[in-house]
Each structure stands twice: as structure tokens, then as C-alpha cells.
Amino acid sequence: MEEHIFDYQFRLILVGDSMVGKSSLLRYFTEGIFDDSCEPTMGVDFFARLVDIKPNVRVKLQIWDTAGQERFRSITRSYYRDSVGVLLVYDITRRKTFEHLEGWLEESRLTIVPHKAVYVVVGHKSDVESERQVSFKEGRSFASNNGFHFFETSAVTGNNVEEVFCTIAREIYAKVHKGEYLLSDDWDGVKEGTNLALCQPIKVRETAALKQDHCGGYGSCC
């Protein structure tokens with residue numbers, strides 16, 4: 001019997017305005033560190049991590065970090081279609097980033113069709129409470145009105161970072177289990193697992209230019 005290092009691969013994408021902290025959120029999740037020297041993402045970056053979403057079910061999250069600047073939108077749009085999960089990220093200290101969520105949501109929905117992605121709304125930088133411009137209630141209301149989960153997170157303290165990715169992974173898995181997402185060679189949103197013998201553990205962060213798929217660091221959602 002062949003041993004598999006993960007059962008499924010889910011492709012996620014983070015979208016939102018520039019400098020809301022998408023890259024720092026991903027670095028904390030995949031590397032366990034806070035990097036306050038993050039520069040704006042130029043185009044797209046790639047991250048990966050393995051998570052245990054329930055006993056004996058391990059999922060590889062292939063996560064794409066997109067640039068928020070308008071000049072990169074034509075590049076980032078091409079990464080929407082093959083995503084099964086979308087994190088809509090805003091900065092709680094910059095109200096405009098919250099107001100722009102509706103546009104990011106509409107753009108992603110139009111691009112991902114005919115598939116329907118799982119969404120999570122993320123209010124980032126919850127550690128900077130003194131500079132808050134968007135209330136928790138407002139963020140939760142936007143998510144609730146659209147039928148999405150909502151979290152406030154911090155890459156400084158680690159608050160809710162794990163929970164965000166675990167929640168979206170579990171919801172996607174539930175839909176796969178119900179048959180709402182079918183495995184297809186024409187769509188990279190959900191893929192079957194990879195044989196252990198073919199996987200070489202390496203550094204989890206890669207650039208989008210690299211096409212070869214590798215296993216990332218281990219982690220647990222449970």
C-alpha cells in the first residue's frame with residue numbers, strides 16, 4: 001500500500017489592497033515568524049504548508065499571495081481561476097482597504113467562474129488597536145451578509161492566523177466530501193494527494209515563477 005504525505009491539495013489565494021499585510025500573514029502561517037521588513041509583493045508569491053484538518057486527513061495548502069497594486073492586476077487575475085479558497089484581507093487601521101473589499105470580492109467571483117470558491121474575510125493588524133478605523137462589528141457584518149467566516153488576525157501576535165487557514169481548509173474539505181467539488185485535470189483548485197516517495201520537503205516559500213510542486217512544512221489545525 002502506497003503511503004501518501006497528504007490526501008488533498010487545495011489552492012488558496014489572498015487578495016486585498018497593497019500593504020494590508022497579506023505577505024506577513026502568510027509568513028507567520030508558513031514559517032512561524034513575523035517579518036516587519038516586508039516589501040509590497042510584485043506580482044505573485046507562492047507559499048505552501050501541510051495541515052491536519054481532522055484525524056488521518058492531511059491537506060497541502062498551496063497559497064498564492066497577490067500584489068494589491070493596480071498595475072499588477074492583469075497578472076494577479078490569471079491566478080484566480082484555479083483557486084478553491086479566497087482570503088479577502090483588509091487592514092483594520094485603514095478604512096479604505098475595508099471599503100475596497102466589495103470590489104475584490106466581485107472581481108474574484110467573476111474570474112473564478114464556473115467554480116464557486118470558499119471565502120474568508122480577514123481583518124488584519126488586530127494588534128494595533130489604538131489605530132483602529134474599522135470596528136470588529138463592521139467586519140463581521142460584511143462577512144455575515146455574504147455568508148463568509150470572519151476573523152481578525154495579527155502576524156505580530158499570531159492571533160487567529162492558524163484558525164483562518166484551518167477554517168477555510170475544513171470548509172473546502174467538507175464540500176469535497178459532499179461531492180460539491182469534483183477532482184478534474186482541468187482545474188487546480190482541488191487535487192488528490194501525492195505519493196510520499198515523490199515528495200521532497202524543502203523551504204515552504206517559493207516564487208510564482210517556479211512551476212515544480214513541493215511539500216512544505218508540517219503543521220496541525222487540530
key: Exclusive hit being surrounded by 15 or more Cβ atoms within 10 Å (Cβ to Cβ), of a type in the set (Val, Ile, Thr), at pLDDT 80 or above and touching a helix residue (DSSP H, G or I) at 6+ places or on another chain (Cβ under 7 Å), set VAL164, VAL120   = VAL120
query = Scanning the stretch 179-200 for residues that are part of a loop (DSSP other than H, G, I, E, B) and closer than 12 Å to PHE6 by Cα, which turns out modelled with the lowest pLDDT?
reply = CYS199
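Against the condition more than 20 Å from LEU14 (Cα to Cα), assigned to a helix (DSSP H, G or I) and touching a Phe, Trp or Tyr at 6+ places or on another chain (Cβ under 9 Å), how does VAL164 come out, does it pass?
On the way: more than 20 Å from LEU14 (Cα to Cα): no; assigned to a helix (DSSP H, G or I): yes; touching a Phe, Trp or Tyr at 6+ places or on another chain (Cβ under 9 Å): yes.
Criteria not met by VAL164.
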ask   = Quick check: is even one residue across the stretch 72-85 within 15 Å of the chain's Cα centre (by Cα), outside any loop (DSSP other than H, G, I, E, B) and modelled with pLDDT of 90 or more?
value = yes
key: Matching entry among SER130, SER144, SER108 (being free of Cβ contacts under 8 Å to residues at least 12 places away in the same chain, over 19 Å from ARG170 (Cβ atoms), polar (S, T, N, Q) and in a helix (DSSP H, G or I))   = SER130
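Surrounded by fewer than 18 Cβ atoms within 10 Å (Cβ to Cβ), within 17 Å of SER18 (Cα to Cα), touching a strand residue (DSSP E or B) at 6+ places or on another chain (Cβ under 9 Å) and not basic (Lys, Arg): is that true of GLU102 in this structure?
Details: surrounded by fewer than 18 Cβ atoms within 10 Å (Cβ to Cβ): yes; within 17 Å of SER18 (Cα to Cα): yes; touching a strand residue (DSSP E or B) at 6+ places or on another chain (Cβ under 9 Å): no; not basic (Lys, Arg): yes.
Against the criterion (surrounded by fewer than 18 Cβ atoms within 10 Å (Cβ to Cβ), within 17 Å of SER18 (Cα to Cα), touching a strand residue (DSSP E or B) at 6+ places or on another chain (Cβ under 9 Å) and not basic (Lys, Arg)), GLU102 does not qualify.
The values are calculated or read from the model by the stated rules, or taken from the named source; none is laboratory data. This is a predicted model, so every value here is computed, not measured. Neighbour counts are summed over all protein chains in view; Cβ atoms, including those assigned to glycine, are modelled from backbone coordinates with ideal geometry.
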